[in-house]
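Below is one structure, written out as structure tokens; the observations come after it.
No value in this document is a laboratory result; all are computed from the given coordinates. Computed from a predicted model, the values in this text were never measured in an experiment. Please note: Cβ atoms are built from the backbone with ideal geometry, for glycine as well, and neighbour counts cover all protein chains shown.
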Amino acid sequence: MTAEDHYYMARAIRLAEQGLYTTHPNPRVGCVLVRDGVIVGEGFHHRAGEPHAERNALAEAGERARGATAYVTLEPCCHHGRTPPCSDGLIEAGVVRVVVAMTDPNPRVAGQGIAQLQAAGIRVDQGVMTAQAQALNPGFIARMSRGRPFVRCKLAMSLDGRTAMASGESKWITSEAARLDVQRLRARSDAIVTGIGTVRADDPSMNVRLRAAELPGVVSDDYLPQPLRVVLDPDLQLSPTARMLSLPGPTLVISVTDDESRRQALEAAGAEVIQLPRRGLGIDLERLMETLAQRGINEVLIESGPTLAGAAVAAGVVDELTIYAAPILMGSDARGLLNLPALTEMKDRIALEIEDLRMVGPDLRIRVKPTRAIKVES
């Protein structure tokens, strides 16, 4: 691999990032076509149902694609879906070399696209900027490789680790800049999960309140669907008049009981209600994530109180925590960050790896991930 290969792949990755908010359930992919040291075409996947990155780049290049090298962040697809295979398009266009950052974890592809290109006499090189390409699609990779989404848990706290006053008052701990950043997290997520306790206390909207112009790569508001709102409500306590049920976008209510009258009232208000098994005092969170993956959900954002957040961490379903820390102190009587089962010895502590630290307005955003699989029995 050459410095030029890294340069053009970096360009393809930047293009793919423009689909960050719009491609789900498809992966974010970018493609750059280069012939004789000149970019002749480039493109990225805008949203599901529209042409893939390779097809967009080929359309821009036209006849100039013949004899070119294609730099693609993800192995070209080789199956018919809502759009034709990209591998066929590259072959038909006369591309002579394809540089792939990573293979596609989708079992329908999984190396077959590369094999098809090679069988057609096209040179294929793999592994340029693989880590950066993988970072584009943590949810797609998780769903395809382990049958569940990539799960983020968003938390806001004071510097002494408090999330609300003893009375429950919590608006606002963090700044407007941090809350805007959370809107971007919501926009890139396929589903937002919360618990019935949060809904009953705050009556939240759980929607994206940004416009297309505020999100890079989003060409119109039509390209920005609302995430699936998921309310964990074991005993169907959600009111049919809850604010979220009057807003655009779907709401899924997860229960462990089949109270027909309550279910029918929620369905009449526009919600979908399904049952999942109970686990401990709540819902089986592992089964929940499997269910969401089966619905094509790539990335999940948990926005909840300390009980659900702690249960998700203890159950081992959280891949990443995004914590906004405000430069304030709230005192020892205020509520804590996570409700976790008692950890009595240091050997039981949950170790986290800091992936990113940055200021968002006056607040500190800390992005961490568990260093090993977590499963704490309650």
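Where does the Debye-calculated log10 I(q)/I(0) of the stretch 3-136 sit at q = 0.10, 0.12 Å⁻¹, using only Cα point scatterers of equal weight, no solvent?
Scattering profile of the stretch 3-136, log10 relative to I(0): -0.25, -0.36.
Would you mind pulling out the separation of the Cα centroids of the stretch 24-65 and the stretch 91-133, in Å?
14
Can you name the helices of the chain, as whole DSSP H runs, whose Cα span along the helix axis is 15 Å or more and whose Kyte-Doolittle mean is not below -1.0?
Values: long enough: 3-16 (20 Å, -0.31); 176-188 (19 Å, -0.87).
Length and hydropathy pass: 3-16, 176-188.
Aspartates and glutamates near Lys347 by alpha-carbon distance under 20 Å, same-chain residues fewer than 8 away left out - which ones?
Partners within reach: Glu377.
Once you list every other residue whose beta carbon is under 11 Å from the beta carbon of Asn56, what net charge do they have if Lys and Arg are +1 and Asp and Glu are -1?
On the way: positive: Arg55; negative: Glu42, Glu50, Glu54, Glu60.
Result for the neighbourhood of Asn56: -3.
Hey, how much of the P(r) for the stretch 300-378 falls beyond 18 Å, as a percent of Cα pairs?
Numbers: 1514 of 3081 pairs.
Taking all Cα-Cα pairs of the stretch 300-378, the fraction more than 18 Å apart is 49 percent.
Once you order the gyration tensor axes a ≥ b ≥ c over the Cα atoms, which shape class does the chain get: rounded for a/c under 1.5, otherwise prolate or oblate by comparing a/b with b/c? Could you put the intermediate results ahead of the total?
Numbers: a/c = 2.08, a/b = 1.79, b/c = 1.16.
Note, shape of the chain comes out prolate.
Just rank Thr73, Thr291, Thr23, fewest to most, by other beta-carbon atoms within 10 angstrom.
Numbers: Thr73 32, Thr291 17, Thr23 27.
Going from least to most buried by this count: Thr291, Thr23, Thr73.
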